[in-house]
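Participant: Structure below; questions to follow.
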Amino acid sequence: MKIQFLGTGTSQGVPVIACDCIVCKSTDYKDKRLRSSILIEVEGRHIIVDTGPDFRYQMLRANIQHLDAILMTHSHKDHIAGLDDVRAFNYKQNESISIYTNEPTLEALKREFYYAFSPLKYPGVPQLDLEEIHAGQPLFLFGHEIMPIEVMHYKMPVLGFRIGNFAYITDAKSVTLESRQLLEGVDVLVVNALQEMPHISHFTLDEALAFINDVGPKEAYLTHISHRFGTNDYIQSKLPSNVFVAYDQLTITVDSSY
Ligand SMILES: [Zn+2]
Ligand SMILES: [Zn+2]
Ligand SMILES: [Zn+2]
């Protein structure tokens, strides 16, 4: 199983529009962060987690030729805003594409992209099948078990996903014991870490490191990074030897068996 980080930035991305801070002015390619998303490639199938505002460019940049399924974490705009551009895959593949997510996110998608779900569709709208999933109840895609894991984003439930020995958690501020148990034995854990300063709805660096320590993966990657966190080099200098800052277009290989 291959994981490609399509975006590793927080909701505004990095650089932030009209910001002249040291991070936004950095010339390091690792400091250019599109909105957070990953591509999971398993036996030639492409599963994407979230379709934020940069979805179109992320597909072009990574030269993605087909899309098989979408997993959605939650309904914030930085995770769903690019959904309309799934049309390109609908046309090419001549099929609709399924979105797997929780009930509140499905309801939000029906509001935000009403035209794609109305009974009388305008020609050319995206063809999307909404599939409700539940935390703790696995779904099976292309022969692989995917376990949805609920985390809390202030008061909003967000889904993380575990496939085999890999797990992706974004936009978490707290994680229950029950959800942590579903992460037992993962080798590679991706988790959000916004910045060092406290934030109401996102893990800080310390909170992310404590969570990683508790779950105990062999390796962990930080994502959903703010420009306020510092440069990629600065963040990496703060991390233990088995924790890495993710950056856009980083690809990692994970053993996909349980
Ligand atoms: Zn977000
Ligand atoms: Zn900045
Ligand atoms: Zn969010």
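Participant: Name every residue in segment 43-86 that is in a loop (DSSP other than H, G, I, E, B), hydrophobic (A, V, I, L, M, F, W, C) and more than 16 Å from ligand 3 (Cβ to nearest atom), in order of residue number. Let's see the steps before the verdict.
Facilitator: Quick first cut of segment 43-86, residues in a loop (DSSP other than H, G, I, E, B) only: 43-44, 50-54, 62-68, 72-76, 81-82.
If we keep only those that are hydrophobic (A, V, I, L, M, F, W, C) as well, we get 62, 64, 67, 72, 81.
Residues satisfying the conditions are Ala62, Ile64, Leu67.
Participant: Here is a follow-up. Name the strands (runs of 3 or more DSSP E) wholly inside segment 128-204 in which the number of residues that are under 15 Å from Ile40 (Cβ atoms) is 2 or more.
Facilitator: Answer list for segment 128-204: 139-141, 144-153, 156-163, 166-169, 188-192.
Participant: What's the number of the only condition in (1) free of Cβ contacts under 8 Å to residues at least 60 places away in the same chain; (2) of a type in the set (A, V, I, L, M); (3) within 24 Å of Ile169 (Cα to Cα); (4) out of contact with any helix residue (DSSP H, G or I) (no Cβ under 6 Å at 6 or more places or on another chain) that Leu71 fails to meet?
Facilitator: It is condition (1) that Leu71 fails.
Participant: Could I ask something else about it? Within segment 22-42, identify whether any single residue is free of Cβ contacts under 8 Å to residues at least 24 places away in the same chain and either on the phi > 0 side of the Ramachandran plot or in a loop (DSSP other than H, G, I, E, B) (or both), and answer yes or no. Give the derivation first.
Facilitator: Kept after step one, since they are free of Cβ contacts under 8 Å to residues at least 24 places away in the same chain, are these residues of segment 22-42: 25, 27.
If we keep only those that are either on the phi > 0 side of the Ramachandran plot or in a loop (DSSP other than H, G, I, E, B) (or both) as well, we get 25, 27.
Yes: segment 22-42 contains one or more residues that are free of Cβ contacts under 8 Å to residues at least 24 places away in the same chain and either on the phi > 0 side of the Ramachandran plot or in a loop (DSSP other than H, G, I, E, B) (or both).
Participant: Tell me which of these Val16 doesn't satisfy, since it passes every other one: (1) away from ligand 3 (no atom under 16 Å from the Cβ); (2) under 25 Å from Ala172 (Cβ atoms); (3) within 17 Å of the chain's Cα centre (by Cα).
Facilitator: Among (1) away from ligand 3 (no atom under 16 Å from the Cβ); (2) under 25 Å from Ala172 (Cβ atoms); (3) within 17 Å of the chain's Cα centre (by Cα), the lone unmet condition for Val16 is (3).
Participant: For residues that are farther than 17 Å from Ile99 by Cβ and surrounded by 18 or more Cβ atoms within 10 Å (Cβ to Cβ), tally how many sit in segment 141-158.
Facilitator: Total meeting the criteria: 6.
We did not get these values from a lab; they are worked out from the coordinates using the rules stated. No experiment lies behind these values; they were computed from the predicted model shown. Don't worry about glycine lacking a Cβ; one is built from the backbone with ideal geometry, like all the others, and counts go over all protein chains shown.
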